[in-house]
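Enquirer: Please read through the structure below; I'll follow up with questions.
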Amino acid sequence: MKDARKIKAVKRMKQIMTEYYIDAKTAKQNGKKVAWITSGGPVEPLIAMDVIPVYPENHGAMIGASKMGVDLCEKAEAMGYARDLCSYARSDIACAPLNGGPIGGLPAPDFLVCCNNICGTVLKWYEVQARYFKVPLFILDTPFIHTEFSVEAKNYVRRQMLEYITFLEEQCGKKMDMDRMDQVGRLAVQGQRLWQEVLDTTMHSPAPMTAFDAFFHLALIVTLRGTQTVIDYYTELRDEMRQRIADGIGMVPDEKYRLLWDNLPVWYKTKWLSDKFATHGACLVADTYTSAWSGVVHLIDENNFIESAAIAYSSVYINISIDMMLDTLRKMITKYKADGLVIHSNRSCKPYSLGQYDLQRMVMKEFGVPSLIIEADMVDERNFSESQIETRIDAFMETLAQKKN
């Protein structure tokens, strides 16, 4: 039965990502350009211009999963960067001069694209890397949304999208093919909808996959959004999940409890956490992190991608107020029939973690849903106390069991 629960598409996913990194690392020999871009940045114009996008954050996740985070973070600290700084930033900055990390460093960028819809740290991080590699940097500034996105803010972001196109044309030495851009935009929207369909398969009980699986399968919607590869892969993955539902295969044997996860994964402990929750019959059926890449797709007009995408990119989960975050959690708790909420208080990601105690209180008050806060870091293992977290999980699950019974 254990083999039956293995997701077959994983093999294809690894193949696609291997080919992607080979393309990126041999770009110069093949006359292609490479751009480093933040995970929340608008990648579609790069795809339309045949520029290979590379994500230092995705690389950071690989570093964390490979348990190389502590060594690289300590090297960054020896370079003078504070331990309080984001561990993605520290590990990436340390990798650059060393060609370190699980794939021997990222290919050098021809230019950088930074969007601050995920945090302010990326601005300084990308400035550091632009100076190190001596390449241009484009910054897309997205105003924070407290209650609603004003007309003035929308116009401000729209203008920057057009400036972004002009910047790309200068870097690539050619005009943007707008027909191609429209095609990429439609593929991006289609890909986001498919990704949401994959995530929605966990509405079924037992869930055919968990949030820990979603963390792994997220890579394509981040790195290759706007390509046919994403469409083909998520169609295959969605169909496999639907078949598992038809065959009665749940990822957690004897699923008893359905939980939501908030914040980034603890990359170096995903298996440990997955196994730990599974021993209690608990399945993490959804999370706020992986759904962020499809949660704003309804704001995109496929026939006016550039302008509408600017609004959508500004509206991502961690660029909105706590009240708006609560609204997202409210919908997810209902949609996935969650019994509890697991909150990762992530030392590295301040915008994601700030306000989580308020969210915990509001969720408890409105839904009576028990919640657990795990204090850790997404890459730096020095901030993870296994025995302490194990005790907290056991106590949380005991509370959940008493409430449910």
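The values are calculated or read from the model by the stated rules, or taken from the named source; none is laboratory data. Every value quoted in this text rests on a predicted model; they were computed, and no experiment measured them. Ideal geometry is used to build each Cβ from the backbone, glycine not excepted, and the neighbour counts take in all protein chains shown. For accessibility, only protein heavy atoms count, side chains too; no ligands or nucleic acids. Shrake-Rupley method; radii C 1.70, N 1.55, O 1.52, S 1.80 Å.
Enquirer: Once the dipole of the chain is set up with Lys and Arg at +1 and Asp and Glu at -1 on Cβ about the Cα centre, which of Gly191, Leu372, Asn405 lies farthest towards its positive end?
Expert: Asn405
Enquirer: Work out the P(r) tail for segment 298-363: percent of alpha carbon pairs separated by more than 14 Å, whole number.
Expert: Here the tail beyond 14 Å accounts for 66 percent of pairs.
Enquirer: Stretch Asp239-Asn304 to full length: gain in nm at 0.36 nm per residue minus the Cα-Cα span?
Expert: Extending this stretch completely gives an extra 20.4 nm.
Enquirer: In whole Å, what are the Cα extents of segment 1-105 along the three principal axes, biggest one first?
Expert: Per principal axis, max minus min of the Cα coordinates gives 45, 44, 26 Å.
Enquirer: Here is a follow-up. Placing unit charges on C-beta atoms (Lys and Arg positive, Asp and Glu negative, everything else neutral), compute the dipole magnitude of segment 160-247 about its Cα centre in debye, rounded to 20.
Expert: I would put it at about 40 debye.
Enquirer: Now for a separate question. Using C-alpha positions alone, give me the convex hull volume of segment 133-281 per residue in cubic angstrom.
Expert: 172
Enquirer: At 0.692 mPa s and 37 °C, plugging the Kirkwood radius over alpha-carbon pairs of segment 1-55 into Stokes-Einstein gives what diffusion coefficient in µm²/s?
Expert: 251
Enquirer: Please report, for the Cα atoms of the chain, the Rg to one decimal and the Dmax as a whole number; what are they, in angstrom?
Expert: 20.7, 66
Enquirer: Keeping all protein chains in the complex and leaving out DNA, RNA and ligands, what accessible area do you get for Phe216 with a 1.4 Å probe, in Å² to the nearest 10?
Expert: For Phe216, the solvent-accessible surface is approximately 80 Å².
Enquirer: Could you work out what % of the accessible surface of the chain is carbon and sulfur, using a 1.4 angstrom probe and leaving DNA, RNA and ligands out of the count?
Expert: Taking all protein chains in place, the chain shows 52 percent carbon and sulfur surface.
Enquirer: In segment 311-405, if every C-alpha pair distance is counted and binned at 10 Å from zero, what percent goes to each bin?
Expert: Distribution as computed: 14, 41, 35, 9, 1 percent.
Enquirer: Answer with one residue from Thr121, Gly40, Tyr20: the one whose Cα lies farthest towards the positive end of the charge dipole of segment 2-132, charges on Cβ with Lys, Arg +1 and Asp, Glu -1.
Expert: Tyr20
Enquirer: Here is a further query. Average projected area of the Cα convex hull of segment 253-364, in nm²?
Expert: Averaged projected area of segment 253-364's Cα convex hull equals 8.1 nm².
Enquirer: Ignoring ligands, DNA and RNA, how do Tyr132, Tyr268 rank by accessible area with a 1.4 Å probe, largest first?
Expert: Descending accessible area places them as Tyr132, Tyr268.
Enquirer: Once ligands and nucleic acids are excluded and a 1.4 Å probe is used, how much of Leu98 is accessible, expressed in Å² to the nearest 10?
Expert: 90
Enquirer: List the residues whose amide H sits under 5 Å from the amide H of Asp287, counting only those 5 or more places along or on another chain, with H placed 1.01 Å from N in the peptide plane.
Expert: For Asp287, the qualifying residues are Trp261.
Enquirer: Additional query: Using θ = phi - 60° and the Karplus form 6.51 cos²θ - 1.76 cosθ + 1.60, what ³J(HN,Hα) does each residue of segment 97-114 get, whole Hz, x for Gly and Pro?
Expert: Running phi through 6.51 cos²θ - 1.76 cosθ + 1.60 with θ = phi - 60° gives x, 9, 6, x, x, x, 10, x, x, 8, x, 4, x, 7, 6, 10, 10, 10 Hz.
Enquirer: Would you mind getting the accessible area per residue of the chain, heavy atoms of the protein chains only, 1.4 Å probe, in Å²?
Expert: 42
Enquirer: Oh, and also: I'd like the Karplus ³J(HN,Hα) series for segment 190-198: coefficients 6.51, -1.76, 1.60, θ = phi - 60°, whole numbers in Hz, and an x wherever there's a Gly or Pro.
Expert: So the Karplus estimates, Gly and Pro as x, are 4, x, 5, 5, 5, 4, 5, 5, 4 Hz.
Enquirer: Moving to a separate point now. State the extension gain, in nm to one decimal, for the chain segment bounded by Tyr357 and Ala246, taking 0.36 nm per residue of separation less the distance between their alpha-carbons.
Expert: 36.1 nm is the gain from fully extending Tyr357 to Ala246.
Enquirer: So how much accessible area does Thr229 have, in Å² to the nearest 10, using a 1.4 Å probe?
Expert: Roughly 50 Å² of Thr229 is accessible to a 1.4 Å probe.
Enquirer: Based on the Cβ-Cβ distance of Asp177 and Ile22, what FRET efficiency does E = 1/(1 + (r/R0)^6) give at R0 = 25 Å, to the nearest 0.05?
Expert: Once rounded, the FRET efficiency stands at 0.45.
Enquirer: Any idea what diffusion coefficient segment 68-168 gets from Stokes-Einstein, in µm²/s, Kirkwood Rh on alpha carbon pairs, 25 °C, 0.890 mPa s?
Expert: My calculation gives 161 µm²/s for D.
Enquirer: Separate question: Using the Cα atoms as the points, what is the convex hull volume per residue of segment 133-192 in Å³?
Expert: 143
Enquirer: For Asp301, enumerate residues with amide H under 5 Å from its amide H, sequence gap 5+ or separate chain, H modeled in the peptide plane.
Expert: Answer set, sorted by chain and number: Ser308, Ala309.
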